[in-house]
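Participant: Here it is, the structure in full.
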Amino acid sequence: MTGKVKVDSLVKKRKQPSILDLKAKPRVRTTVQIDNEVSDAYTVLDIHTQNRIGLLYDITSTLAGLGLYIYIAKISTKGDEAADIFYVKDIFCQKIFYKERLNEIADTIYNVLAGPGPEKSK
């Protein structure tokens, strides 16, 4: 709160596995869906993935790094599954329409959450 410690360094400290992480649990498949039809004003990102410490920070800092502004965030966690929806616009306060840019956004988010793989849909 005083600005002396960066948030990312605090999150990294908390990412150390706890004894609860050793317990077997079902894996949640990571998906990243982008929808430009559900809202007239925003591009909507629908993200489902395995819940973990620092997940929301990783998602929001990735979106900020991509130059996206979050206007609405709907965060839902059920057990080990996170289902988060973000209404975003670009740096010009516009929806994102270009297919290449949408692919870049989905790929970047997916890689941050699950590593390279085919489980993304746009």
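Participant: So is Ile53 closer than 27 Å to Lys6 by Cα, in contact with a strand residue (DSSP E or B) (Cβ under 8 Å, 6 or more places away or on another chain) and not in a helix (DSSP H, G or I) or not?
Facilitator: When the stated conditions are applied, Ile53 does not pass them.
Participant: Sticking with this one: Checking the structure you have, find out if any residue of the range 96-110 is among the acidic types (Asp, Glu), assigned to a loop (DSSP other than H, G, I, E, B) and over 23 Å from Lys6 (Cβ atoms).
Facilitator: No: zero hits.
Participant: Go over the candidates Ile75, Ile53 one by one and state the one that is surrounded by 11 or more Cβ atoms within 10 Å (Cβ to Cβ) and either modelled with pLDDT of 95 or more or among the aromatic types (Phe, Trp, Tyr) (or both). Explain how you work it out, then say what you get.
Facilitator: Working: Ile53 fails: either modelled with pLDDT of 95 or more or among the aromatic types (Phe, Trp, Tyr) (or both).
Criteria check complete, one pass: Ile75.
Participant: So how many residues does the range 25-44 have that are in contact with a helix residue (DSSP H, G or I) (Cβ under 7 Å, 6 or more places away or on another chain) and not in a loop (DSSP other than H, G, I, E, B)?
Facilitator: The number of residues fulfilling the criteria is 2.
Participant: Enumerate the pairs (first residue in the range 70-92 and closer than 14 Å to Asp35 by Cα; second residue anywhere and charged (D, E, K, R) and assigned to a strand (DSSP E or B)) with beta-carbon separation below 6 Å, excluding pairs fewer than 6 apart on the same chain, so at least 6 apart or on different chains.
Facilitator: Close Cβ pairs (under 6 Å, with a partner that is charged (D, E, K, R) and assigned to a strand (DSSP E or B)) amount to Ile85/Asp46; Ile85/Lys74.
Participant: So, in the range 30-53, exactly how many residues are under 17 Å from Asp90 (Cα atoms), under 15 Å from the mean Cα position of the chain (by Cα) and of a type in the set (A, V, I, L, M, F, W, C)?
Facilitator: The total comes to 3.
Let's see how each residue does on (1) over 19 Å from Val28 (Cα atoms); (2) of a type in the set (Val, Ile, Thr); (3) in contact with a Lys or Arg (Cβ under 8 Å, 6 or more places away or on another chain):
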| site | (1), (2), (3) |
| --- | --- |
| Leu45 | no, no, no |
| Lys95 | yes, no, yes |
| Tyr98 | yes, no, no |
| Ile105 | yes, yes, no |
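Participant: Still on this model: Condition (residue is over 12 Å from the mean Cα position of the chain (by Cα) and free of Cβ contacts under 8 Å to residues at least 12 places away in the same chain) applied to the range 101-114: is it met by at least one residue?
Facilitator: yes
Participant: In addition: Looking at the structure I just gave you, is Asp90 surrounded by 14 or more Cβ atoms within 10 Å (Cβ to Cβ), acidic (Asp, Glu), modelled with pLDDT of 95 or more and under 20 Å from Ala114 (Cα atoms)?
Facilitator: Judged against the criteria, Asp90 is not a match.
The values are calculated or read from the model by the stated rules, or taken from the named source; none is laboratory data. Given the structure is predicted, the values throughout are model-derived calculations rather than measurements. No Cβ is skipped: glycine too gets one built from the backbone with ideal geometry, and neighbour counts run over all protein chains shown.
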